[in-house]
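Let me begin by presenting the structure, written as structure tokens, before commenting on it.
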Amino acid sequence: MSVFATSLRREWGRLRASPWDWAMVSWVPLLTLALMCWIFSSGQPYRLPIAVWNEDNSALSRQLVRMLQATPGLDVRQTVLNRGEAADALLRMDVYGVVHIPPDLETHVKQGRGGTVTLLHNAQLATASSLLQRDLKQVVGTLSAGVEMQTAAKRGSPHQVLQVQMEPIKTQLVALFNVSTNYEQFLAAALVPALIHILAMTAGAWSVGRELRERTLGGWLSPGGRSAGMASVAAALLGKLLLPALLLWGCGMAALLYLAQLRGWTIAGSTGWIAVGLAALVAVSLTAGAALSGITLSLRTALSGTGLLSAPAFAFSGVGFPLLAMTDSARGWALAMPYTHYARLQIEQWQMGAPVAQTLPVVSGLLLAALVLLVLASAGLLRGLGRPEKWGGR
């Protein structure tokens, strides 16, 4: 039996004998991905709780409150009477924002002096804060336009003239991709491979580091005491990583196909090319974890390095924070991460329908990186094979 087949069969036996190791590459990823897809299933945040601090109590202010409540993105949960109650509601996180309607708002509007409606919000909650600002601007803008049109109509201005006077220059916003601005379409789909990336790096570091911790490195790489070379070590490593690669890739593709087929987010480009890209990302992640274990000859150090490299990968990918707005050092770190390049491939294929040739360099680069990491991991393990004093450490 070849070295590759022997290692593959041995890894299958170890996974069957260890329920927790099996869980890490099978049902735990599936459960985690299912939970994440469920979290983003609503698509957009609706009915964000707000409070109203109405110091005017006029017909105009009551109309504004009714319009706020009728907005799908807002839910007027409380009415506060003073600044202390408003601050308390925000600090206790009962509401995301407080809309302050100043005294004599209607009187000032009728006198032509105008008025200001203030939103008190916690900008640390960036998503909720931006949605509250957007919805409040729309409500107040609609109310202001209605008041102005009623006033001009009473002065005898024709309806068509009113429309031009109210908006002499119009803005047309054309969204080319993710037209519905749905969080499930771009965020959940991007988080699926990010999670697979973390799990694959962890699985690669754990599966190799476990051999060191349990002092079984010799039995794995040189069974029967026969000498091992670079090629045989690489073949044994491939046999060990094949099962986790297939299982984690399958979990990731199942989640992506669920979003594409059952949730209706049709892939504009090539589903097959996304699958190839995800397979390349899994290969890079597994070999990177294995390389950390092989080079450091320490399971604990390898797992620490895995967390350092994989956990912030999504934050630096350009999906949540624009890549072009990063500093040079942050952008350099982002471009060194394999997930950044895969995220670009998936977005271009899923939402933009880009030609496969445009993302071909991404897959080629990921596969080349996986090959380099495989060589580094094999070299580290070959060195560790001759240093049995390093075995058994944590």
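Tell me whether segment 231-250 contains one or more residues that are open to solvent by 50 Å² or more (accessible area, probe 1.4 Å), at pLDDT 95 or above and within 20 Å of the chain's Cα centre (by Cα).
yes
What about Gly43, is it more than 30 Å from Gly219 (Cα to Cα) and either touching a Ser or Thr at 6+ places or on another chain (Cβ under 6 Å) or at pLDDT 90 or above (or both)?
No.
Determine whether Leu15 is open to solvent by less than 30 Å² (accessible area, probe 1.4 Å) and under 30 Å from Ala128 (Cβ atoms).
Details: open to solvent by less than 30 Å² (accessible area, probe 1.4 Å): yes; under 30 Å from Ala128 (Cβ atoms): no.
Spelling it out, it is not the case that Leu15 is open to solvent by less than 30 Å² (accessible area, probe 1.4 Å) and under 30 Å from Ala128 (Cβ atoms).
Residues in segment 95-115 that are assigned to a loop (DSSP other than H, G, I, E, B) and either among the small types (Gly, Ala, Ser) or loosely packed, with under 13 Cβ neighbours inside 10 Å (or both): how many?
5
Taking the criterion of being closer than 30 Å to Tyr258 by Cβ, modelled with pLDDT of 90 or more and open to solvent by less than 40 Å² (accessible area, probe 1.4 Å), would at least one residue in segment 49-64 satisfy it?
no
Can you pull out every residue in segment 121-142 that is crowded, with 18+ Cβ neighbours inside 10 Å and touching a helix residue (DSSP H, G or I) at 6+ places or on another chain (Cβ under 6 Å)?
Scanning segment 121-142 gives His121, Val139.
Please go through segment 299-313 and pick out each residue that is hydroxyl-bearing (Ser, Thr, Tyr) and either on the phi > 0 side of the Ramachandran plot or open to solvent by 20 Å² or more (accessible area, probe 1.4 Å) (or both).
If the condition is that a residue be hydroxyl-bearing (Ser, Thr, Tyr) and either on the phi > 0 side of the Ramachandran plot or open to solvent by 20 Å² or more (accessible area, probe 1.4 Å) (or both), then Thr301, Ser304 are the ones that fit.
Quick check on segment 34-44. Is at least one of its residues surrounded by 17 or more Cβ atoms within 10 Å (Cβ to Cβ), touching a residue at least 24 places away in the same chain (Cβ under 8 Å) and closer than 15 Å to Val140 by Cβ?
Among the residues of segment 34-44, not one is surrounded by 17 or more Cβ atoms within 10 Å (Cβ to Cβ), touching a residue at least 24 places away in the same chain (Cβ under 8 Å) and closer than 15 Å to Val140 by Cβ, which makes the answer no.
I'm trying to understand the selection: among the residues of segment 315-339, which are of a type outside the set (Gly, Ala, Ser) and either surrounded by fewer than 21 Cβ atoms within 10 Å (Cβ to Cβ) or farther than 24 Å from Gly272 by Cβ (or both)? Please lay out each step first, then the result.
Going through segment 315-339, the residues of a type outside the set (Gly, Ala, Ser) turn out to be 316, 319, 321-324, 326-328, 331, 333, 335, 337-339.
If the condition is that a residue be of a type outside the set (Gly, Ala, Ser) and either surrounded by fewer than 21 Cβ atoms within 10 Å (Cβ to Cβ) or farther than 24 Å from Gly272 by Cβ (or both), then Phe316, Phe321, Pro322, Leu323, Leu324, Met326, Thr327, Asp328, Arg331, Trp333, Leu335, Met337 are the ones that fit.
For residues that are open to solvent by less than 30 Å² (accessible area, probe 1.4 Å), of a type in the set (S, T, N, Q) and outside any helix (DSSP H, G or I), tally how many sit in segment 183-230.
Residues in segment 183-230 being open to solvent by less than 30 Å² (accessible area, probe 1.4 Å), of a type in the set (S, T, N, Q) and outside any helix (DSSP H, G or I): 1 in total.
So, in segment 266-283, exactly how many residues are in a helix (DSSP H, G or I) and open to solvent by 30 Å² or more (accessible area, probe 1.4 Å)?
Of the residues in that region, 6 qualify.
The values are calculated or read from the model by the stated rules, or taken from the named source; none is laboratory data. Keep in mind it's a predicted model, so treat the numbers as computed, not measured. Cβ: placed from backbone, ideal geometry, glycine included. Neighbour counts: every protein chain shown. The area values use the complete protein model at the heavy-atom level, side chains included, leaving out ligands, DNA and RNA. Shrake-Rupley method; radii C 1.70, N 1.55, O 1.52, S 1.80 Å.
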